[in-house]
């Protein structure tokens with residue numbers, strides 16, 4: 001704490017400006033919120049704390065990594081995703097990953113958790129702020145034509161203040177869940 005604070009906020013804001021050029025599907029400053037709540041420029045100008053961006057294709061991630069390498073902001077950047085795909089993005093950007101983390105699965109009283117379909121959506125938020133019951137309501141609304149997947153995502157995404165929630169993937173998952181027989 002306190003070692004790399006000097007100039008951090010300016011670097012963080014520049015990171016967000018660079019990320020915004022590469023078509024993120026979500027972008028946020030942890031203390032401000034995400035683009036489903038605030039205009040992008042407001043997020044950038046009021047950025048404090050960690051900042052995140054989410055992409056729906058590896059080409060945009062690779063382009064971002066190339067630009068970040070060139071900008072040489074002196075920030076630590078964490079890239080999450082399927083390990084092999086992330087590694088490909090690094091290789092194409094002329095970078096190598098420094099550290100790799102892997103999930104060891106879910107331990108404990110797993111019978112108390114929502115089903116896997118719900119967890120696939122609720123765990124997209126790094127802080128667990130997507131309520132499982134709200135996801136269930138959105139699935140039902142989509143199933144019965146009361147709401148589009150895009151409208152459902154606009155309700156779910158603002159709950160994730162950290163900004164790592166992927167609205168594009170969520171819409172796809174909601175559709176799959178809504179198309180299943182509700183009696184199964």
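Output the residue which, of all residues in segment 86-117 that are under 20 Å from the mean Cα position of the chain (by Cα) and assigned to a helix (DSSP H, G or I), is surrounded by the fewest Cβ atoms within 10 Å (Cβ to Cβ). Step by step, filter segment 86-117, then rank; the result is 116.
In the list 30, 59, 42, which residue meets the criterion of being free of Cβ contacts under 8 Å to residues at least 12 places away in the same chain and out of contact with any helix residue (DSSP H, G or I) (no Cβ under 9 Å at 6 or more places or on another chain)? On inspection, the qualifying residue turns out to be 42.
If you check 23, 5, 60, which single one turns out to be within 17 Å of the chain's Cα centre (by Cα) and assigned to a loop (DSSP other than H, G, I, E, B)?
Unique residue meeting the criteria: 23.
Note on segment 150-184: residues that are free of Cβ contacts under 8 Å to residues at least 40 places away in the same chain, crowded, with 19+ Cβ neighbours inside 10 Å and more than 13 Å from residue 124 (Cβ to Cβ) total 2. Please tell me if residue 48 is touching a residue at least 60 places away in the same chain (Cβ under 8 Å) and assigned to a loop (DSSP other than H, G, I, E, B). No. Scanning segment 129-145 for residues that are exposed (fewer than 12 other Cβ atoms within 10 Å of the Cβ) and either in contact with a helix residue (DSSP H, G or I) (Cβ under 9 Å, 6 or more places away or on another chain) or assigned to a helix (DSSP H, G or I) (or both) turns up 133, 144. Give segment 58-80 a look and list any residue that's surrounded by 14 or more Cβ atoms within 10 Å (Cβ to Cβ) and under 16 Å from residue 166 (Cα atoms), or say none. Once the filter is applied, which keeps residues that are surrounded by 14 or more Cβ atoms within 10 Å (Cβ to Cβ) and under 16 Å from residue 166 (Cα atoms), segment 58-80 yields 58, 60, 61, 79.
All of the numbers you see were taken from the coordinates with simple rules; none came from a lab. Quantities reported herein were computed from a predicted structural model and do not represent experimental measurements. Heads up, the Cβs are rebuilt from the backbone with ideal geometry, glycines too, and the neighbour counts pull from every protein chain shown.
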